[in-house]
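Down below is the structure, laid out as C-alpha cells.
The values are calculated or read from the model by the stated rules, or taken from the named source; none is laboratory data. Just so it is clear, the model here is predicted, and its values are computed rather than measured. Cβ coordinates were reconstructed from backbone atoms using ideal geometry, including for glycine residues, and neighbour counts include every protein chain displayed. Only protein heavy atoms, including side chains, enter the accessible area calculation; ligands, DNA and RNA are left aside. Shrake-Rupley method; radii C 1.70, N 1.55, O 1.52, S 1.80 Å.
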Amino acid sequence: MSYYYLYPFFKTFFDNIGVELVLSQETTKTILNKMDFCPTDEPCVAVKLLFAHAKDLLDRGIERVLVPCLVSLEPRNFCCPKFIGIPYMLKNALQGTAEVIIPKIDRYRGRKEWQHSFLTIGSSFGASHKQIIEALQKADQAQREFERLCVKQRLTTPEAYRLLQNRPVNSPHRTTANGGPVVGVIGHPYILYDNFCLDLLAHFREYGQVITAEMVPSAAARREVATLLEGERLWSFEAQILGAALHLLRHRKVDKLALLGSFECGPESIIEKYMEEEAERQGIPFLLLTVDEHTGEAGLVTRIEAFMDVQAIVPDNIQTHHRDHISNDTAQANFLPGSREEEFVIGMPGMGHLDVAIRSALAECGVKTIKTPHASKEILELGRVLAPEFVCLPFTITLGQMRWLLENGANKILMVGGKGKCRLGWYAQIQEQLLRRLGYDFEMIIIDSPLPLKERWAQFRSTLKHTTRQSSWLNILKALYFGYHKMAAIDRAERLVHRIRAFEEKRGTIDRYFNQFIRKIERASSTASVWKLWEDFQEQAAAIPTIDTDPVRVRIVGEIWVVLEAYVNLHLEEMLGKSTDPRVWVDREISATNWFHQHLFPTKEAMQRKEAINRASKPYLETDVGGHGHISVGLTALAKEEGIDGVIHLMPFTCMPEIVAQNILVQLSNKLDIPVLTFIITDQTGEAGFETRVEAFLDILKERRFTTHTH
Ligand code: SF4
C-alpha cells in the first residue's frame, strides 16, 4: 500500500531522525500464505497483502511496524477509507503483540494538524522538535524528487526507487520494443508492481512502450480530472490514476489503455467508467483487468494478447472534452419517456421511508413527484445491467429505481451528492453518465450538504430553489418543516414497533398497525395531523395484549442504506421480531432523523450521543473512515454496557468503511465479549442461508443469557 506511493517520504523522514526502516521482503508464496492473518477475507488484495507482509516482519522478530494512516494528501480530497483504516485494523489484529507506529497525514485540515503525529513519533525516538521539522521538509523534497524522476525519465515506481538507491534500474523489457504500439498501463502501483501481480507490465512491454500513471506529471493529471464535476475531490491516488488515463487518451499519447485493478476495489468502480467512456470517445482500445491473489497468469496473458491484437477505431468526429462532458454533450438519444421539458416531474431513489417525507415536502411546493418504487428483483435487474462490477449495492439499486422512475414519467431525478471518503458522493454523476449512455434524456438534480455554509450555501440554495420551482422561502421552510415531521414520526413509530414486536401476544399485530400508519402518514396533509396519527398509533400499540417475557436485545449497526432498506436486508427486523424463542427486542438507532440531527440540524441529545459513540470507537478506530464505519465500531463497543446481548452488522459487498469496521469488530467482539454477526449483502444474498445464520446467532444469545442467569 503506502510503500508504493510514499516510501521516499517515510524513508527520508526516519533516516533524518536516526531510525532505520527495515522493509518486508518482496511478496513470495510464503508471504501469500500469510494473507490469512487478515481477520476476514473481505478486504481487497492490497489490504490482505499488507497483513501478510506485517506477519512476515513479526515472524522475523520485528517488534514495531510502521503503517501510516493516510487520510488526505491534498486539501480538497481524501484517500480510500482502507488507507485510513488499515493501521487500526492491523493494530486490533495484533492485540498488543507488537507496536504499530501510525504517522497520520491529514492535509484536509491544514498543515499544522497533520505534523502532530510525526512530532510525537519523532520525539519517542529521541529526536528534537527542530530535527523532526527538518526531517519532514527533507522528506517532502525527496518525495517530489522521486515524482520528478518518474516523469522525467519515464520510470516506474520500482525503477525510480532503485535509481534513488543507486542500484541499476534493471528492467529488461524497458527499452526493447521501441517502434511497437504505445500502451498506457494504469493502476495502483501496489497492484502493478507487486509480485502477486505476475509482472504483467513485462508482458505489455513485449509489445511496445508502456506509460504508467506515475510517468504523467501530476499537474497534467489534475487538469484532466478538474474537467469532471468536483473532480478535485476525487480520492488522492485515484485522481492521479484517472487524470493520467484521461491525459493519455485525450492527447492521444497512447494507442491502447489498460486498467489493472484489484477485485473489490471501491474507488476503481467509480473511475473505470470515466476511462471506458473517454477511450470509446477517442476510439482507443481499453482493457479492464481485475486481479487478486488467486488470479492465474495464463488467463491474463491470453487477454493481453487478444487486447494487443485489437485495432484502434479512430472516430471521424473525435470530440475534445468539455467540463463534465457527460452533461454537456448528451447523447442524441432517441426520445424515451421522461423528457417533456414543459413538465417538471421529480423522482428520487429511496432509503427506508425517507421518500415519503421528501415527496410530501415537494408537494407542499407544488412540485409533481413519482412515488419511489421499493427495491425489488425487477429494480435490481434494471440497475445491475448498467452498474460497474464492484460498485456497492446501494448504487446498483438506486440506479434501478432511477430507470424505473424515468420510464414511469419522471424527467428529473433528485439524488444526494457530497464528496466524502466513501463512494456515495460519486453516485449521482456516474449514474447520470450510465443512464445518458442508454439514451435517457432527463435532468439529474444533485443536492449536497449546505455545510460548511461559507463554501456550500450558495450551491445548496440554488439547488433547493430549482427543485421547488423557485418557491418562496416561506413556502420552502414550511414544506421542509412538514417533511421533517413526517420523517420523525415514522422513525419514532419504528422504534415503538421494535419494542412491541418483542412482547406482543399475537405476532404481527404491531406490523399491521405500522403499515396502516405509514399509508396514513403518506396522505397526511398537515403537521398537526401527522402528530395526531402518531398519538393514535401509540394508543393502538399500548392496547396490544403483551406477554411477560425477557427478550434478548439485538443491536443493528452498519451502512445506513442497507440497514434502512428492508428488502435489501431481507426484512431482518421483521425476521428478528417474529422470533418466538428467544423473543427479540431490536435496538436500531441509525435512522434518517438521527442522521439529520447529528449532521445538519444538531440537537443537544443527538450530539451528545454522537460524541459518546465517537469516544467509544476511538480505542479501536482512531480516525473516521467515512460512511458509518466508526459508528459501527462505537455502537458495538457500547453494546454490552448498554444491555445489548448481540450485534448484527450489515454492510453492502465491497463497502469500504464497513470492511474496515468488520475487521476491527472481529477482535472487539472477543475483547468485550459481545457476539457480533456480520452480513455482507450482495444481490445474490439468499434468504435461507441468511435466516439460518440469524437463528443460530439467536440461539447463542439465548444460551448466553441462560448461562448468565444460572451462574
Ligand atoms: S479498495 Fe482499492 S484503493 Fe482502496 S486499498 Fe483496496 S485496492 Fe486500494
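Among the numbered conditions (1) outside any helix (DSSP H, G or I); (2) surrounded by fewer than 17 Cβ atoms within 10 Å (Cβ to Cβ), the only one that residue 42 does not meet is (2).
This table checks each residue for (1) touching a Gly at 6+ places or on another chain (Cβ under 8 Å); (2) without any contact (Cβ under 8 Å) to a residue 24 or more places away in the chain; (3) over 27 Å from residue 400 (Cα atoms).
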{"residue": "494", "(1), (2), (3)": "no, no, no"}
{"residue": "506", "(1), (2), (3)": "no, no, yes"}
{"residue": "521", "(1), (2), (3)": "no, no, no"}
{"residue": "534", "(1), (2), (3)": "no, no, yes"}
{"residue": "539", "(1), (2), (3)": "no, yes, yes"}
{"residue": "551", "(1), (2), (3)": "no, no, yes"}
{"residue": "562", "(1), (2), (3)": "no, no, no"}
{"residue": "586", "(1), (2), (3)": "yes, no, yes"}
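Being at pLDDT 90 or above and of a type in the set (A, V, I, L, M, F, W, C) holds for only one residue in 139, 177, and it is 139. Restricting 707, 682 to those that are open to solvent by 10 Å² or more (accessible area, probe 1.4 Å), under 25 Å from residue 579 (Cα atoms) and free of Cβ contacts under 8 Å to residues at least 12 places away in the same chain reduces the list to 707. Checking residue 25 against (1) within 16 Å of the ligand (Cβ to nearest atom); (2) assigned to a loop (DSSP other than H, G, I, E, B): exactly one of these is not met. Which one? Every listed condition holds for residue 25 apart from (1). Taking first residues from the range 77-94 that are hydroxyl-bearing (Ser, Thr, Tyr) and partners that are within 13 Å of the ligand (Cβ to nearest atom) and part of a helix (DSSP H, G or I), the Cβ contacts under 8 Å between residues at least 6 apart in sequence or on separate chains come to 88/660. I'm trying to understand the selection: among the residues of the range 234-284, which are open to solvent by 10 Å² or more (accessible area, probe 1.4 Å), within 12 Å of the ligand (Cβ to nearest atom) and not in a helix (DSSP H, G or I)? 263, 264, 265, listed by residue number.
If you go through the range 60-112 and keep only what is within 16 Å of the ligand (Cβ to nearest atom), in contact with a Pro (Cβ under 6 Å, 6 or more places away or on another chain) and under 21 Å from residue 233 (Cα atoms), you end up with 69, 80, 81.
Can you work out which of the residues in the range 653-667 that are surrounded by fewer than 24 Cβ atoms within 10 Å (Cβ to Cβ) and more than 14 Å from the ligand (Cβ to nearest atom) is farthest from residue 391 (Cα to Cα)? Of everything passing the filter in the range 653-667, 667 is farthest from residue 391 (Cα to Cα). Among the residues of the range 628-635, at least one is within 16 Å of the ligand (Cβ to nearest atom), buried (at least 23 other Cβ atoms within 10 Å of the Cβ) and either modelled with pLDDT under 95 or in a helix (DSSP H, G or I) (or both). The set of residues in the range 192-239 being of a type in the set (Ser, Thr, Tyr) and closer than 24 Å to residue 83 by Cα consists of 193, 212, 218, 236. Considering the range 675-706, and only residues there that are β-branched (Val, Ile, Thr) and assigned to a loop (DSSP other than H, G, I, E, B), the residue that is nearest to the chain's Cα centre (by Cα) turns out to be 682. For the range 516-523, the criterion of being at pLDDT 95 or above, over 36 Å from the mean Cα position of the chain (by Cα) and open to solvent by less than 50 Å² (accessible area, probe 1.4 Å) is met by no residue. Looking across the range 222-233 at every residue that is outside any helix (DSSP H, G or I) and open to solvent by 30 Å² or more (accessible area, probe 1.4 Å), the one that is nearest to the ligand (Cβ to nearest atom) is identified as 230. Scoring residue 355 on the criteria (1) closer than 28 Å to residue 472 by Cβ; (2) in a loop (DSSP other than H, G, I, E, B); (3) open to solvent by less than 20 Å² (accessible area, probe 1.4 Å) leaves a single failure, condition (2). Does residue 192 meet the test of being within 19 Å of residue 26 (Cα to Cα), crowded, with 22+ Cβ neighbours inside 10 Å and within 16 Å of the ligand (Cβ to nearest atom)? Judged against the criteria, residue 192 is a match. Scan the range 101-136 residue by residue and report those that are part of a strand (DSSP E or B), of a type outside the set (D, E, K, R) and either farther than 22 Å from residue 656 by Cα or open to solvent by 20 Å² or more (accessible area, probe 1.4 Å) (or both). Residue satisfying the conditions is 101 alone. Residue 459 falls short on exactly one of the conditions (1) at pLDDT below 95; (2) surrounded by fewer than 13 Cβ atoms within 10 Å (Cβ to Cβ); (3) of a type in the set (S, T, N, Q), and that condition is (2). Within the range 28-39, being more than 16 Å from the ligand (Cβ to nearest atom) and open to solvent by less than 30 Å² (accessible area, probe 1.4 Å) holds for one residue alone: 31.
Checking the structure you have, find out if any residue of the range 4-20 is basic (Lys, Arg) and either over 20 Å from residue 125 (Cα atoms) or touching a helix residue (DSSP H, G or I) at 6+ places or on another chain (Cβ under 6 Å) (or both). No, the conditions are met nowhere in the range 4-20. With respect to the conditions (1) assigned to a helix (DSSP H, G or I); (2) touching a residue at least 40 places away in the same chain (Cβ under 8 Å); (3) within 16 Å of the ligand (Cβ to nearest atom), residue 203 lacks only one, and its number is (3).
On inspection, residue 530 does not qualify as touching a strand residue (DSSP E or B) at 6+ places or on another chain (Cβ under 8 Å) and either open to solvent by less than 20 Å² (accessible area, probe 1.4 Å) or not acidic (Asp, Glu) (or both).
Considering the range 474-487, the residues that are over 13 Å from residue 522 (Cα atoms) and either among the aliphatic types (A, V, I, L, M) or not in a helix (DSSP H, G or I) (or both) include one that is farthest from the chain's Cα centre (by Cα), namely 474.
On the basis of being away from the ligand (no atom under 13 Å from the Cβ), outside any strand (DSSP E or B), of a type in the set (D, E, K, R) and open to solvent by 10 Å² or more (accessible area, probe 1.4 Å), does residue 56 make the cut? Taking the combined requirement at face value, the residue does not satisfy it. Pairing each residue of the range 414-434 that is at positive phi with any residue that is open to solvent by 20 Å² or more (accessible area, probe 1.4 Å), provided the two are 6+ apart or on different chains, yields C-beta distances under 8 Å for 418/424; 418/448; 418/449.
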